[in-house]
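J.: Quick one: the structure is below, questions incoming.
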Amino acid sequence: MKSIVQKLMDTYNKEGLKSPEQHFIKAADTEKEMLFQLLGKEHNDFVDFYLNYQPTDLPSLACNCTFLDIKAMVEENTDFEPACYLRECGIYTFALTIGGHAICIDSNSGSIYICDHGLVMQDFDTDAIVINSGLVSCDVYDSFHISGEIPFNYDNIIICMDKIENSFLTFMENIADGNYTDLEKLITY
């Protein structure tokens, strides 16, 4: 992880951020507790990154990705759509695009997804949380054999979001290497 973070700092430096090493810090005890309350105590590459190299006050990268610090991550996953709904499925937002789309990790598989900010919503007629059928591709929508909004659950949301990578490490390596030009272009409708 250390070599990936070093490459990421180099990327930020190339994009004009002075002293990027000051923006990747060890999490304080209170931040660790916040992270564990959100995600549980299981250690993995994602948790280790946030414990040892928490991103703080970082600008958006050229690929339109802004990493959240632990406090902002907790707020995003508690108070804001779609993250507060995705959290119910074990999917956590850790970064945002310039358009407000969520970059998420699936704690069940470790895969990284991008979720359109309007994909998951509350149906005001029924108060149910649903997947906005207008924001999924026709092929995906047709596979549900329904009319109207798609019921919200883990299996359905995984099908409707766009997978970026199979792992957090691969995602971070590709971010650090500049392999994404615009993460928002990975959303398919």
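J.: The conditions are (1) touching a helix residue (DSSP H, G or I) at 6+ places or on another chain (Cβ under 9 Å); (2) more than 22 Å from MET1 (Cα to Cα); (3) in contact (Cβ under 8 Å) with a residue 12 or more places away in the chain, and GLU81 fails exactly one of them. Which is it?
T.: Of everything listed in (1) touching a helix residue (DSSP H, G or I) at 6+ places or on another chain (Cβ under 9 Å); (2) more than 22 Å from MET1 (Cα to Cα); (3) in contact (Cβ under 8 Å) with a residue 12 or more places away in the chain, GLU81 misses just condition (1).
J.: Something else now. Which residue pairs have Cβ atoms closer than 8 Å, lie 6 or more positions apart in sequence or on different chains, and pair a first residue in the range 18-31 that is over 16 Å from LYS2 (Cβ atoms) with a second residue that is aliphatic (A, V, I, L, M) and in a helix (DSSP H, G or I)?
T.: Final answer for the pair search is GLU31/ILE70.
J.: Could you check the range 51-75 and list, in sequence order, the residues that are under 10 Å from the mean Cα position of the chain (by Cα) and under 23 Å from ASP29 (Cα atoms)?
T.: Selection gives PHE67, LEU68, MET73.
J.: What are the residues in the range 14-32 that are part of a helix (DSSP H, G or I) and either open to solvent by 80 Å² or more (accessible area, probe 1.4 Å) or at positive phi (or both), if any?
T.: LYS14, GLU21, GLN22, ASP29, THR30
J.: If GLU42 meets every condition in (1) within 17 Å of TYR180 (Cα to Cα); (2) in a loop (DSSP other than H, G, I, E, B) apart from one, which number is that one?
T.: Of (1) within 17 Å of TYR180 (Cα to Cα); (2) in a loop (DSSP other than H, G, I, E, B), only one is false for GLU42: (1).
J.: Here's a follow-up. Cβ-Cβ distance below 8 Å, separation of 6 or more or different chains: which pairs start in the range 178-189 with a residue that is touching a residue at least 40 places away in the same chain (Cβ under 8 Å) and on the phi > 0 side of the Ramachandran plot and end on one that is in a loop (DSSP other than H, G, I, E, B) and open to solvent by 40 Å² or more (accessible area, probe 1.4 Å)?
T.: Matching pairs, first to second residue: GLY178/ALA62.
J.: Quick one: which of ASP69, ASP116, ASP45, ASP123 is crowded, with 21+ Cβ neighbours inside 10 Å and among the acidic types (Asp, Glu)?
T.: ASP116
J.: Ok, one more. Tell me, please, whether a residue that is of a type outside the set (Phe, Trp, Tyr) and touching a strand residue (DSSP E or B) at 6+ places or on another chain (Cβ under 6 Å) can be found in the range 139-149.
T.: Yes.
J.: Identify, from the list TYR85, TYR50, TYR113, TYR92, the residue that is among the aromatic types (Phe, Trp, Tyr) and touching an Asp or Glu at 6+ places or on another chain (Cβ under 7 Å).
T.: It is TYR113.
J.: Out of LEU119, LEU135, which single residue is over 18 Å from PHE67 (Cβ atoms) and touching a Gly at 6+ places or on another chain (Cβ under 8 Å)?
T.: Being over 18 Å from PHE67 (Cβ atoms) and touching a Gly at 6+ places or on another chain (Cβ under 8 Å) holds for just one of LEU119, LEU135, which is LEU135.
J.: Please state which one of CYS160, CYS138, CYS104 is free of Cβ contacts under 8 Å to residues at least 60 places away in the same chain, within 18 Å of PHE49 (Cβ to Cβ) and either open to solvent by less than 20 Å² (accessible area, probe 1.4 Å) or not polar (S, T, N, Q) (or both).
T.: CYS104
J.: Continuing with this model, one more query. Just to be sure, is SER143 within 30 Å of TYR12 (Cα to Cα), of a type in the set (Gly, Ala, Ser) and in contact (Cβ under 8 Å) with a residue 12 or more places away in the chain?
T.: The answer is no for SER143.
The values are calculated or read from the model by the stated rules, or taken from the named source; none is laboratory data. Owing to the predicted nature of the structure, the values given are computational and were not obtained by experimental measurement. Here Cβ is always computed from backbone atoms with ideal geometry, including for glycine, and neighbour counts include all displayed protein chains. Remember, those area values only see protein heavy atoms, side chains included, never the ligands or the DNA or RNA. Shrake-Rupley method; radii C 1.70, N 1.55, O 1.52, S 1.80 Å.
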